[in-house]
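For reference, the structure discussed in these notes is given below.
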Amino acid sequence: MRFSILPLALLLGQLLTGGLQAGDLDVRTIHGWVERIEILPEGISLKARMDTGATISSLNALNKEYFRRDGKRWIAFDINDPEDKDTFVRIERPLIRHLRIVRHDGDFQRRPVVSMGLCIGPHYREEEMSLTDRTQLIYQVLVGRNHMGGIILVDSAETFLHRPNCLPASDDPDEHDVDHFAPQT
C-alpha cells in the first residue's frame, strides 16, 4: 500500500494559512474516482463515479411515476437491484423540482430532482439528486460536487479507497434529525 503525503500536506497548509486552528479536525477524506456508496435510509449499496465536473449528483431511475401524497408531489422510480440485475428496487421520494440539463449534443433534457441521502466512506450528506436513465452507462450513480463539497477529495488514479461507513447519529429524534447519519468508529 502506498503512503500518500497529500492529506498531511493539506492539513499542514490549512494550519499555516490559518484555515484550521490547532486542535481542529479536518473531516475531508481522499476517495477514488469510483467508490461504493450507500443510499440511505434504504441501505442500497452501489458503485458510483465521483465526478468533480458535475454540479449535481444523478441516479439511474427507471419506470418513473408521479403521484400525490398528503397534497404534495412525489415520484416513485426503480433502480437496478445491485444483487440481481434482472430485478428492480422501488424507491419513493418527494419531488423537489425539475432541472433542465443541456446535453453534449446541445439538446435539452428535463429531469426530476429529489433529495437523496448518500453514505460515502465515513460521510453522510443529504442533497439534491437528478433522476435519469443511466442504463447505457457503467455506473448507476454519478456523485457530483453537491454531495462531495468540503468533505471529499478525489484521487483520479485510485478506486475503492473507502466502504460506506455511516450510522445514525442518535436514537433520540429530539437531539438530532432522524435523517442525519454520523461516521462509525
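The values are calculated or read from the model by the stated rules, or taken from the named source; none is laboratory data. These numbers come from a predicted model, not from an experiment. A quick note on method: Cβ atoms are made from the backbone with ideal geometry, for glycine too, and the neighbour counts reach across all protein chains shown.
Some points to look at:
- The single condition among (1) under 24 Å from H31 (Cα atoms); (2) touching a His at 6+ places or on another chain (Cβ under 7 Å); (3) of a type outside the set (S, T, Y) that R110 does not satisfy is (1).
- Residue pairs whose Cβ atoms lie under 7 Å apart, separated by 6 or more positions or on different chains, with the first residue in segment 142-164 and basic (K, R) and the second surrounded by fewer than 18 Cβ atoms within 10 Å (Cβ to Cβ), are R145/T52; R145/A54; R145/T55.
A quick yes/no check of all residues on (1) β-branched (V, I, T); (2) surrounded by fewer than 11 Cβ atoms within 10 Å (Cβ to Cβ); (3) assigned to a strand (DSSP E or B):
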{"position": "R49", "(1), (2), (3)": "no, no, yes"}
{"position": "T55", "(1), (2), (3)": "yes, no, no"}
{"position": "S58", "(1), (2), (3)": "no, no, yes"}
{"position": "E65", "(1), (2), (3)": "no, no, yes"}
{"position": "D78", "(1), (2), (3)": "no, no, yes"}
{"position": "T87", "(1), (2), (3)": "yes, yes, yes"}
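- Residue in segment 16-32 that is at pLDDT below 95, over 19 Å from R145 (Cβ atoms) and assigned to a helix (DSSP H, G or I) present: yes
- Number of the exception - E35 against (1) among the charged types (D, E, K, R); (2) modelled with pLDDT of 95 or more; (3) out of contact with any His (no Cβ under 8 Å at 6 or more places or on another chain): (3)
- Residue within segment 100-118 that is modelled with pLDDT of 95 or more and within 16 Å of I151 (Cα to Cα) present: yes
- Segments classed as strands (runs of 3 or more DSSP E), wholly inside segment 134-185, with at least 3 members that are farther than 17 Å from V34 by Cβ and modelled with pLDDT under 55: 181-183
- Of all residues assigned to segment 84-94, none qualifies as being of a type outside the set (V, I, T) and closer than 25 Å to V154 by Cβ.
- Any hit, segment 90-113, residues being assigned to a strand (DSSP E or B), free of Cβ contacts under 8 Å to residues at least 60 places away in the same chain and within 13 Å of the chain's Cα centre (by Cα): no
- Considering segment 58-89, and only residues there that are of a type in the set (S, T, N, Q) and under 18 Å from the mean Cα position of the chain (by Cα), the residue that is farthest from T135 (Cα to Cα) turns out to be S58.
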